[in-house]
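Quick notes on the structure that follows.
Every read-out reported here was derived from the displayed coordinates using simple, explicitly stated rules and does not represent laboratory data. Model, not experiment: these values are computed from the prediction.
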Amino acid sequence: MNEIINSVKENLTLILAFLTLIAGIIDNSKKIAAKPLTGFFKWLGSRLNAEVIDAVKEVRERQLVQEAYSLNEFYQKHIDGEKLTREQYELAIDMFEKHLAVPANSVNKLHLEVLKDYYKSHEWDA
């Protein structure tokens, strides 16, 4: 048994190269659905980048919350009849569209359409 283990240890590089070659052939085969190399590298990448991925998600969530507050402020000003600039409307439309792309958001598509119609029909000062 020790001889087998020592033999494997001595030829580990060769064995790994052979297994990688076989996995590469399987990965490139269109008839075989399993992709061992692709799966392994995705798993490895997610493990190596887990902290970065979590940090990016956290930053994005904070950004969405800030945008939601900005949209609420914008709508309150709009409802109160304050004179808003063209740029403020364009920014609100952009933020709305971003929120619509995020699943489980509270932004209604109808609100975006109403905002776009108002923006198109409004007479802007030159």
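Here are the numbers for the structure shown:
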{"read-out": "Segment 2-48: C-alpha gyration tensor shape, a/c 1.5 cut-off, then a/b vs b/c", "value": "oblate"}
{"read-out": "With eigenvalues of the C-alpha gyration tensor scaled by 5 and rooted, the chain, Å", "value": "58, 17, 11"}
{"read-out": "Cross-link pairs LYS35/LYS57; LYS42/LYS116; LYS9/LYS57; LYS31/LYS98; LYS98/LYS120 - those with Cα-Cα distance over 30 Å", "value": "LYS42/LYS116; LYS9/LYS57; LYS31/LYS98"}
